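I have placed the structure first, in the form of structure tokens, so that the comments after it can refer back to it.
The values are calculated or read from the model by the stated rules, or taken from the named source; none is laboratory data. Model, not experiment: these values are computed from the prediction. Cβ placement follows ideal geometry from the backbone for every residue including glycine, while neighbour counts extend to all protein chains displayed. Note: accessible area is taken over every heavy atom of the protein model, side chains too, but ligands, DNA and RNA are not part of it. Shrake-Rupley method; radii C 1.70, N 1.55, O 1.52, S 1.80 Å.
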Amino acid sequence: MKTVNHWIGGKTVEGASGNYGPVTDPATGEVTTQVALASADEVDAAVRVAQEAFQTWGQSSLAARTKVLFAYRALLDANRDAIAELITAEHGKVHSDALGEVARGLEIVELACGITTQLKGELSTSVSNRVDVSSIRQPLGVVAGITPFNFPAMVPMWMFPLAVACGNTFILKPSEKDPSAANKLAELASEAGLPAGVLNVVHGDKVAVDALLAHPGIAAVSFVGSTPIARHIHTTASANGKRVQALGGAKNHMLVLPDADLDAAADAAVSAAYGSAGERCMAISAVVAVGSIGDALVEKIRERAEKIKIGPGSDPASEMGPLITAAHRDKVASYVKGAADQGADVVLDGTGYTVGGFENGHWIGLSLLDNVKTDSDAYRDEIFGPVLCVLRAETYEEGVALINASPFGNGTAIFTRDGGAARRFQLEIEAGMVGVNVPIPVPVGYHSFGGWKDSLFGDHHIYGNDGIHFYTRGKVVTTRWPDPSEAPAGVDLGFPRNH
């Protein structure tokens, strides 16, 4: 059986704890790989390697860093398919989704390639008599990233390229459910010329996470995952004196006004709710239909959802793959099975779905729940699967109040032809990312990603300018030099004397 080991100091390091976790092919249900689970001592060893590497990398020139990053970008581009295949084999998403994930990660590598302009400081001259003040940004040291299973390549690339471009060294703790993509990213970085110890990958479970949160050698922690874990990461790491950005869960809404193009809204709802099997924090999981359009919109969504081809991610004909684990599949199914008892109309029931020849895979079909109540489990919880809830509102104001009452505030969207309504919505809605006729408003790399309320813990969003500020700290220098004409007698400052 294949074993995924750690990547520390520019090379593969075998796990020493004796503990391993299973890695399953979601399409077959078979355990194909085992991953080493690090002990606290192994985490400490990785931190010490990263600390040593920082002594050189933190002082390296921007030219040296960007040379590596440009080479890395080229290698990632050449290896898109190979990385996508690893994602599909361990996560289960279809190949086109996996390729899209790699492409979005590449955006941040490209942003990091331009770090020379992003790290420019500021200068004010002559703030007083021959006094100048400058502001500069410097790296933090060793920083860590803890990333989720749903985007095993993209989310790590949201973190470490900017971190190392800023001069930090990095320890990545990816999900133990699909670890191979992280190692591939690190191997390609080494091939691009990144010095040993600058990027390290330590696999593990809660033991490794807790060791990173407590380690005095870690200056900052980035996290993406569920809200309960994000809250724990933020509380624990902050208590240990670390800078933290912890992105949590979501319940993303799509408000559809009566004047909207219902065909476009239905297309968007199906893509945003069921793409990547709903296993993404920016998935639309709640559609709020305003006025009399609800029945027509639900019917259009149902027609489209029934045509989605479900199958192995390796099959080019598949549009949606399996869920990551059997346990997660069963949890998702439980929300659908209990929906009717809590007042919802089950328009589509995807539970019990199987794929011929792959009966042991972690399959579930698409589910559509209508007339969902705000106090039901299917609405209140982040299901993280292909389940779309439809709620009804009589007016725009009622719909906005419903969305703003949610404890989550990651992303939201409005579908309308009315520019005035869209403008009001983007100002009144309580969420960090807003789409206007765009169902999944994930910003491009040079704008930062992050939510509000229980979707983000910490002050900084991820990537973009916020990401660069997170991985650096500011310093202000006030300088006063005497004028050469005031030099003491007998002292030659090396300036030419004119007679």
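For the chain, the fraction of 1.4 Å probe accessible surface lying on carbon and sulfur atoms is 51 percent. Of all DSSP bridge pairs formed entirely within the chain, close to 40 percent run antiparallel.
In terms of its Cα atoms, region 338-489 spans 94, 46, 27 Å along the principal axes, sorted from long to short.
Over all directions, the projected convex hull of the C-alpha atoms in region 199-276 averages 7.7 nm² in area. When HIS253, HIS328, HIS95 are compared by accessible area at a 1.4 angstrom probe, the order from most to least is HIS95, HIS328, HIS253. On a per residue basis, region 248-326 carries 30 Å² of accessible surface, using protein heavy atoms and a 1.4 Å probe. The label point for THR32 and the one for ASP345, both projected 7 Å from the Cα toward the Cβ, are 4.2 nm apart. In this simple spin-label model, placing a label point 7 Å from the Cα along the Cα-to-Cβ direction at both VAL133 and SER334 gives a separation of 5.7 nm. Using the Cβ of LYS373 as centre and a radius below 12 Å, the other residues enclosed give a net charge of -3, where K and R count +1 and D and E count -1. When you restrict to C-alpha pairs under 8 Å that are six or more residues apart and normalise by the size of region 222-319, the relative contact order lands at 24 percent. Here's how it looks for ILE429: its modeled amide H is under 5 Å from none belonging to a residue 5 or more places away or on a different chain. Residue-wise HN-Hα couplings along region 434-443, as the Karplus relation 6.51 cos²θ - 1.76 cosθ + 1.60 with θ = phi - 60° gives them from phi, are 10, x, 10, 6, 10, x, 10, x, 6, x Hz; Gly and Pro carry x. The residues of region 132-245 have, on average, 26 Å² of accessible surface per residue, using a 1.4 Å probe with all protein chains present. For region 385-391, 3J(HN,Hα) computed residue by residue from phi via the Karplus equation (6.51, -1.76, 1.60; θ = phi - 60°) reads x, x, 10, 10, 9, 10, 10 Hz, glycine and proline entered as x.
Can you give the calculated 222 nm mean residue ellipticity of the chain, where each DSSP H run of n ≥ 4 adds -39,500 (n - 2.57) and the sum is split over every residue, rounded to the nearest 500 deg cm²/dmol? When only DSSP H runs of four or more count, the value is -11500 deg cm²/dmol. Residues in region 421-472 average 43 Å² of solvent-accessible surface per residue, probe 1.4 Å, ligands and nucleic acids excluded. Ordered by solvent-accessible area of protein heavy atoms (1.4 Å probe), largest first, the residues ASP295, ASP330, ASP97 come out as ASP295, ASP330, ASP97.
Residue separation of ARG80 and SER61 scaled by 0.36 nm, minus their Cα-Cα distance, works out to 4.0 nm of gained length. Going through the cross-link list LYS337/LYS453; LYS93/LYS331; LYS93/LYS307; LYS251/LYS331; LYS11/LYS93, which pairs have a Cα-Cα distance over 22 Å in this structure? Over 22 Å apart, Cα to Cα: LYS337/LYS453; LYS11/LYS93. Near the amide H of ALA286, within less than 5 Å, lie the amide hydrogens of ASN252, MET254, CYS389, all on another chain or at least 5 residues away, with H placed in the peptide plane.
Per residue, the average separation of C-alpha pairs within less than 8 Å and at least 6 apart gives the chain a relative contact order of 18 percent. Here is what passes the span test in the chain: the DSSP H helices with alpha carbon length of 15 Å or more along the helix axis and a Kyte-Doolittle mean of 0.5 or above are 62-78, 154-165, 262-274. Taking every DSSP bridge with both residues inside region 101-202, close to 35 percent are antiparallel.
For volume of the Cα convex hull per residue in Å³, the candidate list reads (1) 210; (2) 151; (3) 179; the entry that matches the value derived from this model is (3).
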